[in-house]
Ligand code: XMP
C-alpha cells in the first residue's frame, strides 16, 4: 500500500469528510479511534497524522484523549478543532471556554507560510467551537487569528506540529483544500498519487496473498453495486477460483436480474451460479402480510438457498463480501451496527465456517462506483440506486402475489424511465413505485380488474438515515402518472408521497 495518513477520530461530525478530502488530494487515508496507542499507529507507518474535531470539551469529564507519544514520534501531526485544543492542552498551552464561534468567520492570517501558504490575509473559514486556545504551547507560533480566537491556527514546524481551530474539510472554508494540501505535500512530503487506478493492483495483490495459491471463494451477488464490484475485483485477482452465486428471489426490479447474469457470465466471464428461486420464495410468501414476517421469510430462505449452493460447490474457503468503509467505521463506533443487521436481509449464515474477504473495506460508495467503472462494469450496475434486500416484497403492502409483483414491476419501470430521461436520477437517493393494499388487489384474486392505486416515492438523502421528498417538477409527475395509468393494466390512480424521514421511512414497510 502506498504511503498514507491516519486520522484519529474524536467523534467528529465531519470525520469521514476529512478522510474523503485527503483521498481527493490523492493521499490514502484511514480513520482510527482516538485512543489508538502510539505503537499501533506507528506500525501502520503513516506519513502524517490528523487529529479530528469532536463534540467534547477538553475539560469535560468524558473528554477523549490521545497517546501523547504521538506528538513526539517524528510524524507530522495536524490538529483540527478539538484536535487543536487537545494538542494545546497536552503540550502546555492554555485552553478556555468560549465565546464560541459557529458558522462562517473571517480568518486573519498572521504567518502566510508553511501550513497557510498561498492563503490571503483575510479569508472565510468555517468554525464550530465553544472552547478556544488562548495561548499556544511553548515553541508554538500563532499562524492566524479570528475575532474570538487569538490562536486560530498554530504551529511548531521544527517538531512537525500544526493545528487549526477551523474546519478545512468543509466547503465553506474557502481555502480549506489548499491548507490540507499544504500539510500533505508541503509538510508530510506525500506524493499525492493515490487513485482508483493505483488501488486495483494493490488490492489484487492483497487478495492473492490472503487467498494463497489454492484458496477457493464464493460470493453472493445481490444485484447491487457493492457485491458486484467486490466480485469483479476478486475475480480479477484469482480468476475462476471465485464462484458467484446469484440467488434470484424474483423480487428484483424489471431487468435487474438479467443484467447481473449477462454482465458476470458473458461480459466478465465470472463463473456464475444463477439460482432462479422465484417460485420457491413466492410459495413461502403466500398468504403472508406482516412486513417483518416477510423479511424473516426472505432472509431465511435466502440463506438456505445459498447454503445449498455452497455445499454443491465442494471445497470453498472464503466468502467475499462487499462491506464498505462507512459500515466498518459505523460498526466500530457501534452506532449504526444495529440498523445494518436489521437491513441485512441478504446477510449470510455465520456458521458457514468461511473466512471473509472484504476488498472494499477501505472505500466510500462513490469510490466503489469509480472502481466498478475501472473494472469494466456497465453503468446500469455502477449507478444502481440502493435497493432493499427483501426487494419489492417490502414495496408491495400486504400479500406478495405474482400478479401484484408483475403490476409493480411495470409501474416501477415507467417511474425509472421517466426520472432517468428527465435527468433527475443523479439528484435522487431513491425513486420507486409502491403498491399499497386495497380492496381491489391481493388475496381476493385477480387484482387487475378492480383497479389499484400506485404510490410514487422519490427522496433525496445523504445516507438514507434521514431523507426528504424530492421536489420533482409537476410536468415530470404528470408524465409519470399518465403513463402508469395508461400502460399498466389494473392501475387507475397515481399518488405522490410527501413524507420526509423522519417521521416516515423511505420504504413503505
Ligand atoms: P428506511 O425504509 O428504513 O430505509 O427509511 C433506509 C434505507 O434502507 C433500505 N432498506 C433496506 N435494505 N433490507 C435492506 O437491505 C431491508 O430490509 C431494508 N429496509 C429498508 C432502504 O431502501 C433505504 O435505502
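For the pair residue 3 and residue 422, what calculated FRET efficiency results from E = 1/(1 + (r/R0)^6), where r is the Cβ-Cβ distance and R0 = 51 Å, to the nearest 0.05? Working from the Cβ atoms, E equals 0.70.
Note on the range 233-276: Cα-Cα pairs beyond 12 Å make up 60% of the total pair count.
Each label was represented as a point 7 Å from its Cα along the Cα-to-Cβ direction; for residue 200 and residue 477 these points are 4.4 nm apart. Length gained on full extension, residue 317 to residue 208: 37.9 nm, using 0.36 nm per residue less the C-alpha separation. Using Cα pairs closer than 8 Å and at least 6 residues apart in sequence, work out the relative contact order for the range 11-76, in percent. Relative contact order for the range 11-76 comes out at 41 percent.
Once Rh for the range 83-204 is found with the Kirkwood sum over Cα pairs, what is the Stokes-Einstein diffusion coefficient at 10 °C and 1.306 mPa s, in µm²/s? D, rounded to a whole number, is 105 µm²/s.
Volume per residue of the convex hull around the Cα atoms, evaluated for the range 401-496, comes out as 96 Å³. Based on Cα contacts under 8 Å between residues 6+ apart, the chain shows a relative contact order of 10 percent. Dividing the alpha-carbon radius of gyration of the range 181-307 by the rule-of-thumb value 2.2 N^0.38 Å gives 1.42. As a length-normalised measure over Cα pairs under 8 Å and 6 or more apart, the relative contact order of the range 4-187 settles at 21 percent. Volume of the convex hull of the range 144-200 (Cα atoms only), normalised per residue: 100 Å³. Highest average first, the peptides 253-262, 470-479 ordered by how many other beta carbon atoms sit within 10 Å of their residues are 253-262, 470-479. Between residue 356 and residue 59, the contour length at 0.36 nm per residue exceeds the Cα-Cα span by 102.7 nm. Annotation for the range 360-438 versus the range 454-505: alpha-carbon center distance of 13 Å. For the range 4-187, the Kirkwood estimate of hydrodynamic radius, built from reciprocal distances between every pair of different alpha carbons, is 15.8 Å.
Specify whether the C-alpha gyration tensor of the range 1-90 places it in the rounded, prolate or oblate class, a ≥ b ≥ c being the square roots of the eigenvalues: rounded for a/c under 1.5, otherwise prolate if a/b is larger than b/c and oblate if not. Oblate.
On a per residue basis, the convex hull of the C-alpha atoms belonging to the chain measures out at 162 Å³. Sorted ascending by nearby beta carbons within 10 Å, beginning with the fewest, 431, 162, 59 become 59, 431, 162.
Taking the convex hull of the alpha carbon positions in the range 196-382 and averaging its projected area over all directions gives 10.8 nm². Highest average first, the peptides 171-181, 373-383 ordered by how many other beta carbon atoms sit within 10 Å of their residues are 171-181, 373-383.
Here, each number is a calculation from the coordinates, and none is a lab measurement. Predicted, not measured: the structure shown is a model, and the values here were computed from it. Positions of Cβ are backbone-derived with ideal geometry, glycine not excepted, and every protein chain shown enters the neighbour counts.
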